[in-house]
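Enquirer: Below you will find the structure I want to go over with you.
The values are calculated or read from the model by the stated rules, or taken from the named source; none is laboratory data. Please read all numbers here as calculations on a predicted model, not as lab measurements. Positions of Cβ are generated from backbone atoms using ideal geometry, with glycine treated the same way; all protein chains shown enter the neighbour counts. Just so you know, the surface numbers come from the protein's heavy atoms only, side chains and all, with ligands and any DNA or RNA stripped out. Shrake-Rupley method; radii C 1.70, N 1.55, O 1.52, S 1.80 Å.
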Amino acid sequence: MSDSFCPDCKKQTEVAFDHSAGDTVCTECGLVLEAHSVDETSEWRTFANESNDNDPVRVGGPTNPLLTDGGLSTVIAKPNGAQGEFLSSSLGRWQNRGSNPDRSLILAFRTIANMADRLGLVATIKDRANEIYKKVEDLKSIRGRNQDAILAACLYIACRQEDRPRTVKEICSVANGATKKEIGRAKEFIVKQLEVEMGQSMEMGTIHAGDFLRRFCSTLGMNNQAVKAAQEAVSRSEELDIRRSPISIAAAVIYMITQLSEDKKPLKDISLATGVAEGTIRNSYKDLYPYASRLIPNTYAKEEDLKNLCTP
């Protein structure tokens, strides 16, 4: 209850709100002060077809500017308790006959979203991958090519452009059977096609060893002190002329740091966590070993501790 001025009582009186009728009533004389008022509070009634769905939201998804109709087309759902195959019914047949120009795009976007979710990527990377695929699809140049490889390559490029790179092996693990070679070829094809279309080189972003390091360390279960030392070592390695890939340098630095800790990691475990072959890690470690005193922070290991490093 609350107080309001009643014109009949000519004074401030307590009023009651009738939620069923939407009326505000004076409690002393019964005068309806306001009728059919709009309730602006949250609506918690559910309008879902499924009996076990208690989600009160009854609005559609956000618009998608990459689709012809903005993603707001109507889809006839299978009725509850319906017998037989829905597509064999009259409603199902009519919906199936309707030509949806965005059907292939919707399936592609769904596949990209599934791959991104399995890798734990954020929504901005999904959106960027969708944009890249839409541009390539509009060029009508991907017919006859491996669709899974094309979608995986779009996701790889999006990760690079959003400064959240993933290795080709990580992308390959969620690419529905596409191989690393196929994804690499698809990436080169997409970049070439878009560069021709734009008339300029395509910005891909620079890969640094530090982009992968924290994720690799987390997979190996390294402690915070070792992770910080590895990050500083990787940062210092950029000042050296080490002609190795950033992923190989990250793996070699992890191998070097774990040798100086009590929780030593076998080379096999580092290879599995980073996706870098054991032989490549050894060769990269061999290149970094002469600079160990410059790479390893003094707070993590002293000069005499570096003698515990194995000789390559």
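Enquirer: Determine, yes or no, whether Ser88 is within 21 Å of Ile190 (Cα to Cα), of a type in the set (Ser, Thr, Tyr) and modelled with pLDDT under 90.
Expert: When the stated conditions are applied, Ser88 does not pass them.
Enquirer: Tell me, which helices (runs of 4 or more DSSP H) lie completely within the range 124-241 with 3 or more residues that are more than 30 Å from Tyr289 (Cβ to Cβ)?
Expert: Passing ranges, in order: 147-161, 180-198.
Enquirer: With the checklist (1) exposed (fewer than 15 other Cβ atoms within 10 Å of the Cβ); (2) over 21 Å from the mean Cα position of the chain (by Cα); (3) farther than 27 Å from Gln259 by Cα in hand, flag the one item Leu194 doesn't pass.
Expert: Single failed check for Leu194: (1).
Enquirer: If you don't mind, there's one more thing I want to ask. Only one residue in Ala226, Ala230, Ala209, Ala186 is open to solvent by less than 60 Å² (accessible area, probe 1.4 Å), free of Cβ contacts under 8 Å to residues at least 40 places away in the same chain and aliphatic (A, V, I, L, M). Which one?
Expert: Ala230
Enquirer: Among (1) outside any loop (DSSP other than H, G, I, E, B); (2) closer than 27 Å to Tyr156 by Cβ, there is one condition Pro290 misses while meeting the rest; what is its number?
Expert: The failed condition is (2).
Enquirer: Does the range 229-247 hold any residues that are more than 20 Å from Arg282 (Cβ to Cβ) and among the small types (Gly, Ala, Ser), and which are they?
Expert: Matches in the range 229-247: Ala229, Ser235.
Enquirer: For Lys181, only one of the following conditions fails: (1) in contact with a Leu (Cβ under 9 Å, 6 or more places away or on another chain); (2) surrounded by fewer than 15 Cβ atoms within 10 Å (Cβ to Cβ). What is its number?
Expert: Of (1) in contact with a Leu (Cβ under 9 Å, 6 or more places away or on another chain); (2) surrounded by fewer than 15 Cβ atoms within 10 Å (Cβ to Cβ), only one is false for Lys181: (1).
Enquirer: Here is a further query. Which of the residues that make up the range 233-265 are open to solvent by 40 Å² or more (accessible area, probe 1.4 Å) and basic (Lys, Arg)?
Expert: Those that are open to solvent by 40 Å² or more (accessible area, probe 1.4 Å) and basic (Lys, Arg): Arg236, Arg243, Arg244, Lys264.
Enquirer: Only residues that are modelled with pLDDT of 90 or more and either on the phi > 0 side of the Ramachandran plot or loosely packed, with under 14 Cβ neighbours inside 10 Å (or both): list them for the range 121-139, please.
Expert: If the condition is that a residue be modelled with pLDDT of 90 or more and either on the phi > 0 side of the Ramachandran plot or loosely packed, with under 14 Cβ neighbours inside 10 Å (or both), then Val122, Ala123, Thr124 are the ones that fit.
Enquirer: Among the residues of the range 102-119, is any closer than 21 Å to Pro65 by Cβ, assigned to a loop (DSSP other than H, G, I, E, B) and modelled with pLDDT under 85?
Expert: Yes.
Enquirer: Filter the range 241-278 for residues that are over 12 Å from Leu220 (Cβ atoms) and in contact with a Gly (Cβ under 9 Å, 6 or more places away or on another chain) and give the result.
Expert: Selection gives Pro246, Ile247.
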